[in-house]
Amino acid sequence: MRLQTASEPGNLSRGCQGRPDPLVFRWMQAGKDRELETTDRDGFRFRGGHPALDLTATLQGRLKDSLRELLAEPEDLARWLVAAGLASPDIACDPAAVRVARELREAIHQLVHAHLAGSRPPDRARKVLNQVARRGSAPRQLTADGEALLAGDALQRLAFVANEAIALLGGTDRGRVRKCENEGCAVLFVDLSRSGARRWCSMAACGNRHKVAEFRRRQT
Ligand SMILES: [Zn+2]
């Protein structure tokens, strides 16, 4: 099963016509295929296989000198929520939601890196995560067509992401959270492959780059 993409607005609202805020949620339906989803959509990277990890990729250039903020404006957050499959295009975002999204993102980033380093969760990041999660998560709704959707405003959807982050970092899949092995790539992902040996955020991007570098090394 493939995930919806932002370039398919028709699919975003499929099955929920006539509702004021039909909120589509396909991520969980992707199930075991999540690890295969490496597509970049609408200028964002969705290589993490998990919305909390994908949120951390909205600040680019973490390993370089210049950071690139992809959630600069409320419209950016709305586009990300839609591209992530967490909202339909009519979702409304304001500057307060952008601030929460960035704070949540950096908290998740710090918590994942602490976990990867074998450290305890840093207090401040943990408190931010818990605080956002407590705000009341967007509820899942089942449509007449049997589709799972998310309802609620932007803050509730961010609370949903926070809850999913807690389920990931506090659950059995946390041992499958990885940073891409490409040294210059900061993307985090959850390795849901059967072998548990996934090394790259994207085979098409970082995996191939590594293969080419290996090939060149063998040639010289
Ligand atoms: Zn990578």
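Tabulated data for the structure shown
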{"read-out": "Rounded to whole Hz, the Karplus (6.51, -1.76, 1.60) HN-Hα couplings of the stretch 50-65, x for glycine and proline", "value": "7, x, 5, 6, 5, 4, 5, 7, 8, 10, 9, x, 4, 9, 10, 6"}
{"read-out": "Amide H within-cut-off set for residue 153, under 5 Å, with H built and near neighbours excluded", "value": "none"}
{"read-out": "Rh (Kirkwood; distinct C-alpha pairs) - the stretch 41-117, Å", "value": "12.8"}
{"read-out": "Residue-count net charge about residue 116 - beta-carbon cut-off 10 Å; Lys, Arg +1, Asp, Glu -1", "value": "+3"}
{"read-out": "Inter-part distance where the stretch 165-220 and the stretch 42-63 are each reduced to a Cα centre, Å", "value": "13"}
{"read-out": "Pairwise FRET efficiency - residue 72 versus residue 197, Cβ, R0 = 41 Å, nearest 0.05", "value": "0.65"}
{"read-out": "Shape box of the stretch 9-219 [Cα atoms, principal axes, largest first, Å]", "value": "61, 38, 34"}
{"read-out": "Exposure proxy ranking, count of Cβ atoms within 10 Å, fewest first, for 185, 93", "value": "185, 93"}
{"read-out": "Residue order, fewest to most beta carbons within 10 Å, for 166, 91, 108", "value": "166, 91, 108"}
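Readers should treat all values here as calculations from the given coordinates under stated rules, not as data from a laboratory. These numbers come from a predicted model, not from an experiment. We place every Cβ from the backbone using ideal geometry, glycine too, and count neighbours over all the protein chains shown.
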